Amino acid sequence: MLRKADEVYMRDAPVTRMGELYGKLYYHLAKVLVDKFGKEGEEALREAIRNFAIDRGETMARQAKAMGLPLTWKTFREIADMPDTQEGYKKYHPEVKGTQPWDGLCTYAEVWKRYPDGWKLGRIYCDEFHHAKWAAFNPKFRIDMVEVITKGDDVCTLISYEEGDEYDTRRKQTLKEVGEKAKKYGFLTDESEHGDLRIATKDMKISEDDLKEQRNVYRIKRGE
């Protein structure tokens, strides 16, 4: 007998089914790597995700240049390198209120939550992929992941900015203060180097005690 999720899956648009397969492929590869090889397996998984993201970002940059387009945020969105895997998803998923990750729907998160450790492994993908792809397209591009569905948030909130712009300047000042406001700018939202305050503050005079306290406050708020 088919599970309810499988019955719905069979009715989804073809591109959505491909998105489900993409999510399943990642899950099973990640599960074996982490379960069999532990920390080394996770590190290898993170490296593979970054390499995949860099490949895609650099390919998009080459395509943009070949078309005579500047490497701007507008171009990045206009020449997206894969179709919307959520096409038609809501038609058969009335329980989902949003239509995109930023308002509550992520095809991959929907797939991963069906499996043991699905969101835990999915977070590794979320931690690594976006930062690497954005920067590979344009070395000045940065992104802060403030809210992420695979961490239990209702939506994905990703703040895009460029190195040296006004947001980046304010962000660095906030980081120096290492206060409550830091979380609003995306800090401590992932396990990768991008979310590690020790790395982010290596050139700033912030004590290890300050870092530890910030982590503790964050974990308490998140219920971890």
* Determine the gain in length on full extension of the stretch R62-V15; use 0.36 nm per residue of separation and subtract their C-alpha separation, reporting nm with one decimal. => 14.4 nm
* Treat each spin label as a single point 7 Å out from the Cα along the C-beta direction, and report the W73 to S160 distance in nm. => 0.7 nm
* To do: Take W134, W119, W112 and order them by how many other Cβ atoms sit within 10 Å, fewest up front.
  => W119, W134, W112
* Within the range 121-160, backbone nitrogen closer than 19 Å to the virtual label 7 Å beyond the Cα of D81 toward Cβ -> 125-143
* **For P116, net neighbour charge (Lys/Arg +1, Asp/Glu -1) across residues whose Cβ lies under 12 Å away** => +2
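Every read-out reported here was derived from the displayed coordinates using simple, explicitly stated rules and does not represent laboratory data. Just so it is clear, the structure is predicted and the values come from calculations on it, not from any experiment. With ideal geometry, Cβ positions are generated from the backbone for all residues, glycine too; neighbour counts draw on all protein chains shown.
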